[in-house]
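Asker: Sharing a structure, written as C-alpha cells. Questions coming.
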Amino acid sequence: MLGFLYARQTGLDDPVRLRRAESTRRVLSLELNHNRDVDRIHGNGINTLDIEVIDGRYMLSGGSDGVIVIYDLENNSKKPQYTCKAICTVGRSSRHVHKFSVETVQWYPHDTGMFVSSSFDKTMKVWDAETLKPADEFQFDGNVYCHHMSPIARKHSLVAVGTKDPKVQLCDLKSGSRIHILQGHRGEILSVRWSPRYEHILATASTDSRVRIWDVRRASGSLFTLDQHNGDKSKASSEAVNTAHNGRVNGLCFTADGLHLLTTGTDDRMRLWNSGTGENTLVNYGKVVNESRKGLKFTVSRGCSPEFVFVPCGSSVAVYGLHSGELITMLRGHYNNVDCCEFHPDYQELYSGGKDCNILAWVPVLRQPDVDDEETNTKRGGTQAAINPAFADAWSSDED
Amino acid sequence: MDQTMRDKLSQLVEELTTSGEPQLNQDKMKEVKKICRVSDSYIDHFYHLIMTQLNQEHAEIRLSAFQMVNEVFSRSHHFRVLLITNFQEFLELTVETDAEQPLPPPKEVARKLRTLAIQTVQSWHATYGEAYKKLSLGYHFLKQIKKVDFQDVEARTLAERKRQEEKQKRLERIYKEKLDKAKQEMEEMTSGIEETLTEMNNCIRLLATDDFNLFDEDSAASISTTAEDQSDQPCCSKDLSNEHNGKMMEKKTDKEQTDESSDESDMEEVPDEDAFLRSTGLMSYRYQLELDVSADLKVRETEENEALVNTVRDLHRLVTTRHLPLVQSWVQVFTKVGVEEELMRRATELKKSLEHVLRKHEYLHIDYKDRERLVMRAPEDGEDDDDDFVDVPEKEGYEPHIPEHLRTEYGLDETPSTSTSGTKAKPSRPVVKCAVPPVSSSLSRLKRRMCDEEQDPTCAAATLRVLKQKLHPAPSTSVPDGSSESAVSSSDQSNMTKNKASFKAPVIPFGMDLYYWGEEQPTAGKIIKQTSQHQFWVPHEVEEEVENKELSAQMKSRCITYAGKFKPVEHKCKAPMPNGSLCERQDRVKCPFHGHIIPRDELGRPVNPEDALRLEREKRKREEEQPDWRDPELMREIEAATGEDLGSSKTYGKGKKGNKGKSKKKYPNLTDLKQKANTSRSRLEKKVFNKSSMRRVTEVMNKMDKRKHEKFANQFNYALN
C-alpha cells in the first residue's frame, strides 16, 4: 500500500494502478458487515436492484409483490453504523403500483429524475422519480421479463424489452411508442443488454438457448448468434447448433469495457464470450447452480485489475475471477435463493437481493492498522474483546 | 493435531449422537469439550462431524447433535463462526425451514427438536445477535419470512399454522353446512314432531287415565318404591276394587292370590285366630300386602283399546327411530357450532318433551299382542274356543306360581305344595293321572307329547317339571295333607316308569315294512314281466315273474337317517405355536395344522410318551424334507442381498450362528424407523401389491378386455378400441 502510494507520488506508476490495486483488495475482502443494513421494506422476494451511475447514491429495488423502493446508500452520519434508508416507495397502496411482480428496474442512465420498471402485469412504466408517478406506460401482450436502456446512448433513447413473445421490442422514450421489433428468437426473451461500448449493439438471451447480438440499425436480422462450440459442428448435435447453452439462457452481462459478454444458463454453466466476434473464450467457471425460471441479474466488478463476476448461486453469491474462472469466494448470508446482485463501482460494495426479502450489503472490511508492535497488538486484542465480548471464547473451567 | 485425539473425538461424537437418549451423557460431553478446548482445529473437526450427524435421517441423532452444538456454541467463537457461516443449512436441518426437506421421523422427537432449536436460536440471537450479523439475519428470517412465533410454546411454523387454519376452516364450513341443514330440518320437522307428541300424549292419557298422577316426577317416584300397605284392615279387596281401571282387575286378583299363597307361612303362625278364620275364611287380621302399583301398571291390548294401542305403538316407533335421533343430532350440531340461544332452547325442549313422552310410554308397560296372532284370530272369533282365547292373558315368561283354577288350562298338573292352600279345599286331582289310562294309546300319545314338551327347554312345561322335581324332595312339614301329596308323587312315578319305554320308542312314518310287520311279504321283490305289448297277441306263457333280491331287500328294510345329537367339541388342539401360545382350534379329530389331536398338557406337550415320540419322528422327517430353495445358506445370501427377512434365522436351527452378529442393529439405542412401518396397512400392502398378485389381477383384467373384444369383434364400434 505504502509502496503504491510512494510510486504514485513520485509519478512512477500509472494513476489508475493504485486505484485498481486498492479496489481489488477491497473486492476480495467483501463480507457481510453488521454496520451496514438496508431497510426491510419488501414483504416478498426481491427481483431486481439498480444503482444509478451519476451520484452512485440511490438504489432502486423491485419486489415480487410489485413494490418499488428507492434507497439512499450514502452514509452522511459519519458513523460506521448505517442503515440505508428507503427514501420513497411505490407501495401497494399506491394507485400506480405494478399489479404483479416487478422484474426489472433501471435508472435512466443520464439523470436520476426518471426510472423505468417492467413487470409481469404486462406493462413497462416510465416513472418520474420526483413525484413517483408514471410518466408513460407501455402495454405488451405477454409478461415482461426484462428491459434495458443503453448506458451510453447519445443518439437514441431506446428501451429494449424482452417479453414472453419471441420478438424483442424496441420502445422509443422520445416518442413513447414501440418503434421496432427484432425477430429471430424462438422462445421467451429472458434477458436483454445493450453494449456499454457501442450504442447500437444489443445482446438478447432466450429460452431457445440462443444468444443473439443485434445491430439495431440493421433491420434484416441479428449480427450473429453465440455458439458454445465455436462453429465446431462435430461436437454439436444437429439441434444444438448455434446455441449458447444447453438450457435456457437467463442471464446476460457485458463487462465494463464492453469487450466481453457473460451468459448464464440453466445448464448450470456460465460462459464468457468475446462480444466483438461472438467467440466462446472457454473460460471454465465450474458449476454455477442456476434454477431460475426468470431472468437472473448478475454483475461484474469495475475498476479492478483482474475483474470479478458476482453471480447468484443458490442462496449465496459466488465471486469468480472473470478471466481465470476461479471461484474466489462464496458470499453466504441469504436464507433463500438470491435473484439479483448489483455492484457499486465507487465504494466496491455489493448489494444482493433474494427471495428471503433481504437486501444485503456486502462491504469491504477495513484494513487493520499495520502494527507490528507486540504490545499494541495484545492491547488491541484486549480492546476488541472489550468491544465485542461475544467473540470471546467461554470455556468454563469445570471441563478440566 | 493429534490423530488419537481426533479419533477419540469422532468416536465420542458418534456415541453421543447415537445414544438415542433425550439428554446427553454429561461425562462424555465433558470429554468432548475438553478436546475441543485444546485447539481450533479440533473444533473444525468437531464441526464437520456434527454437520454429518445433523444430516442423518433420524430425528434422534439430530436432536443429540443439536444439543452438542448448543453446548459448544456458547463456548467457542470459532465454532460460532463456522456454524453461522452455514447457518442456513443448519436451520434447514433443525428448524425445518425448507418445506421440501421435512424433519425425519420419529415424529415426536422431531417436534421436540424443532421446539428446542427455535428456542435456542432465540437465545443465541439475544446473546450473540449483535456480533454475528448472519445470526440476526437468520433470526429475522425465521421471524418474518417463516413467521415462526418465538413466543409460541409449540413453536409452529407458518406452514403448520396454515394447515391448521385450513383444517379449522374446513371444519367450520362443514359445521355450517350441518347447521344449515339442521335448521332447515328443524323448521320442516318441528310441526310434525309436535303433532306426534300431542297425539302420543293424548293416546297415553286415554289409555291410562291420569288419576295416578303418574307422570308427575316425584309422585311417580313415590309410587315406584313399593308401597308397603300395612293396614289392619282384614281385607284389602276394597282397595283393590277401588282400582279404577277395569283392565287391571284381573291382574290384581292374580296378584292377591299369589301373595296369599306366598304368605301362608305367616298364616300358620297365628293358629289362635280360629274364630276369625271361621268367620271370614281369612287366616289373619294382618296381611302384609305388597302392591307394586307403578311397576306393574300394565296396559293390555284389548279390543276396545286396540286402535289406541296401535297408534301409540306406531308413534312410539316413530319417535324412537326417527324423531329422537334427529333431535339429538340437532342438539349435537347446535352445541358444537354454538348457535343463538333460542334455537338451542327449542331443540332441547323438543328433545326433553320427546324423552318425557317415551318415559310415559314406558310407565304404561303396554302389553302388545303379536300382530300375527291377531290376524289369525280374527276369522275364528265366533267359534267355540273363543272364550279360551279372550280370557287368557299373555304371560311373558314363566311364572313360578300359577293360580289353581288356571292350572288345567295350562295343561299342567297342580303342584302339590300349592294345592294345599286352605282357601281352596278342592281335592287335588292331577290332570295327568286321570287322563292316562295306560291302555289307551291315543292318550298315551298325548302324554308322550307332553313329555316331549317337557324335554323341550323352551317350553313352559319343562321349567315346570324342573320346579316340580325340586319340590318333591323337599315336602314342607307344614302341609296338612302330606299323604295325598305322597300318593300323588308315587302315582306320578309309576306313570313315569310306564311311559319310559314308549317315550324311548321313535316315531316313524308309516310304510310297507310296517304294514307287513312280523309277516312274510308275499310279493316282495317280485316283478311281473310283460314280454309282449301286443293288444291281441298273447304269448304262451302269460306272465313271468322275476325275483329281484335288491328290491325285496328294499321292501323289507327301512332307512332311518340317524340324526345323532350334536356334541360340541370340548378339547382343543393345544399344539404349541411359534408365537408361544397354544393352538385354539377345536376340531373333532384332526387339526388341519397340527395333525391328529392328542391329549396335551397345559404347556402343549403330549401327555402320552408314544405320542411325543411319534411327533418327534415326524418333525425330524419334515426337516429332512426341507425343499432345496429353503437352503439356509442360500436364503441368508438372498437376505443379505435384498435386506429382507425371509426367515432364514429360524430355519430349524441348522444354520450357523454366524449371522447373528450381522443382523444385530448398528445402534441399538436409536428408535428403529423401519419397525414403525410395520403396520397393518403396510402388511396388507405387501400382500396386495406384490408382483405375483398384481400380475394375476392384470391377467384377469386383460382377459376380460379380450373377451369383450372377442364378443363384439364383428361390430365396428368395438373393433376400433
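Asker: Take residue B:76 and tell me if it is within 14 Å of another protein chain (Cβ to nearest Cβ), touching a residue at least 12 places away in the same chain (Cβ under 8 Å), buried (at least 23 other Cβ atoms within 10 Å of the Cβ) and over 17 Å from residue A:332 (Cα atoms). Step through it out loud before you land on a result.
Answerer: Working: within 14 Å of another protein chain (Cβ to nearest Cβ): yes; touching a residue at least 12 places away in the same chain (Cβ under 8 Å): yes; buried (at least 23 other Cβ atoms within 10 Å of the Cβ): yes; over 17 Å from residue A:332 (Cα atoms): yes.
Considered against the rule, which asks whether it is within 14 Å of another protein chain (Cβ to nearest Cβ), touching a residue at least 12 places away in the same chain (Cβ under 8 Å), buried (at least 23 other Cβ atoms within 10 Å of the Cβ) and over 17 Å from residue A:332 (Cα atoms), residue B:76 comes out as yes.
Asker: Residue by residue through segment A:16-33, note down the ones that are open to solvent by 70 Å² or more (accessible area, probe 1.4 Å) and either among the hydroxyl-bearing types (Ser, Thr, Tyr) or more than 14 Å from chain B (Cβ to nearest Cβ) (or both).
Answerer: Within segment A:16-33, the subset open to solvent by 70 Å² or more (accessible area, probe 1.4 Å) is A:17, A:19-20, A:28, A:31.
Passing the criteria: A:17, A:19, A:20, A:28.
Asker: Among residues belonging to segment A:85-99 that are among the basic types (Lys, Arg) and in a loop (DSSP other than H, G, I, E, B), point out the one that is farthest from the chain's Cα centre (by Cα).
Answerer: Taking segment A:85-99 first, the residues among the basic types (Lys, Arg) are A:85, A:92, A:95, A:99.
Filter once more, so that each one left must be in a loop (DSSP other than H, G, I, E, B): A:92, A:95, A:99.
Values: A:92: 25, A:95: 29, A:99: 24 Å.
Going through the qualifying residues, I end up with A:95.
Asker: Need a quick list: helices (runs of 4 or more DSSP H) entirely within segment B:678-721 having at least 3 residues that are over 38 Å from the mean Cα position of the chain (by Cα), surrounded by fewer than 10 Cβ atoms within 10 Å (Cβ to Cβ) and not acidic (Asp, Glu). I'd like the intermediate steps shown before the answer.
Answerer: On the way: elements: B:680-688, B:691-711, B:716-720.
By residue number, B:716-720.
Asker: Checking the condition touching a helix residue (DSSP H, G or I) at 6+ places or on another chain (Cβ under 9 Å) and away from chain B (no Cβ under 14 Å), which residue from A:303, A:265 passes? Quick ask: steps written out before the conclusion?
Answerer: Details: A:265 fails: touching a helix residue (DSSP H, G or I) at 6+ places or on another chain (Cβ under 9 Å).
Of the residues listed, the single one that is touching a helix residue (DSSP H, G or I) at 6+ places or on another chain (Cβ under 9 Å) and away from chain B (no Cβ under 14 Å) is A:303.
Asker: While we're here: Quick one: in segment A:317-331, which of the residues that are within 14 Å of chain B (Cβ to nearest Cβ) and either surrounded by 20 or more Cβ atoms within 10 Å (Cβ to Cβ) or of a type in the set (Phe, Trp, Tyr) (or both) is farthest from residue A:46 (Cα to Cα)?
Answerer: A:331
Asker: Going by the conditions given, is residue A:66 more than 14 Å from chain B (Cβ to nearest Cβ), more than 21 Å from residue A:348 (Cβ to Cβ) and either out of contact with any Cys (no Cβ under 7 Å at 6 or more places or on another chain) or not in a strand (DSSP E or B) (or both)?
Answerer: Values: more than 14 Å from chain B (Cβ to nearest Cβ): yes; more than 21 Å from residue A:348 (Cβ to Cβ): yes; either out of contact with any Cys (no Cβ under 7 Å at 6 or more places or on another chain) or not in a strand (DSSP E or B) (or both): yes.
Taking the combined requirement at face value, the residue satisfies it.
Asker: Follow-up. Which number in (1) in contact (Cβ under 8 Å) with a residue 40 or more places away in the chain; (2) within 19 Å of the chain's Cα centre (by Cα) marks the one condition that residue A:82 misses?
Answerer: Every listed condition holds for residue A:82 apart from (2).
Asker: Pick from A:104, A:89: which is of a type in the set (Val, Ile, Thr) and under 20 Å from residue A:163 (Cβ atoms)? Don't jump to the end; show me each part of the working.
Answerer: Working: A:89 fails: under 20 Å from residue A:163 (Cβ atoms).
From the options A:104, A:89, the qualifying one is A:104.
Asker: Output the number of residues of segment B:79-118 satisfying the condition of being within 13 Å of another protein chain (Cβ to nearest Cβ), assigned to a helix (DSSP H, G or I) and of a type in the set (Asp, Glu).
Answerer: Within segment B:79-118, residues that are within 13 Å of another protein chain (Cβ to nearest Cβ), assigned to a helix (DSSP H, G or I) and of a type in the set (Asp, Glu) number 2.
Asker: Specify the residue that is farthest from the chain's Cα centre (by Cα); the eligible residues are those in segment B:36-71 that are closer than 16 Å to residue B:15 by Cβ and within 14 Å of chain A (Cβ to nearest Cβ).
Answerer: Among those residues, the one meeting the criterion is B:36.
Asker: Over 30 Å from residue B:13 (Cα atoms) and modelled with pLDDT under 80: which single residue out of B:598, B:638 fits that description? Give the derivation first.
Answerer: Details: B:598 fails: modelled with pLDDT under 80.
On inspection, the qualifying residue turns out to be B:638.
Asker: Within the bounds of segment A:129-149, is there any residue that is closer than 19 Å to residue A:58 by Cα, outside any loop (DSSP other than H, G, I, E, B) and without any contact (Cβ under 8 Å) to a residue 40 or more places away in the chain? Steps first, please.
Answerer: Of all residues in segment A:129-149, those closer than 19 Å to residue A:58 by Cα come to A:129-134, A:148-149.
Then drop every residue that is not outside any loop (DSSP other than H, G, I, E, B), which leaves A:133-134, A:148-149.
Right, trim to without any contact (Cβ under 8 Å) to a residue 40 or more places away in the chain and you get A:133-134.
Within segment A:129-149, one or more residues are closer than 19 Å to residue A:58 by Cα, outside any loop (DSSP other than H, G, I, E, B) and without any contact (Cβ under 8 Å) to a residue 40 or more places away in the chain.
The values are calculated or read from the model by the stated rules, or taken from the named source; none is laboratory data. None of these values were measured; they are calculated from a predicted model. Positions of Cβ are generated from backbone atoms using ideal geometry, with glycine treated the same way; all protein chains shown enter the neighbour counts. The protein model used for the area step is the full one, side chains on, heavy atoms only, and it has no ligands, DNA or RNA in it. Shrake-Rupley method; radii C 1.70, N 1.55, O 1.52, S 1.80 Å.
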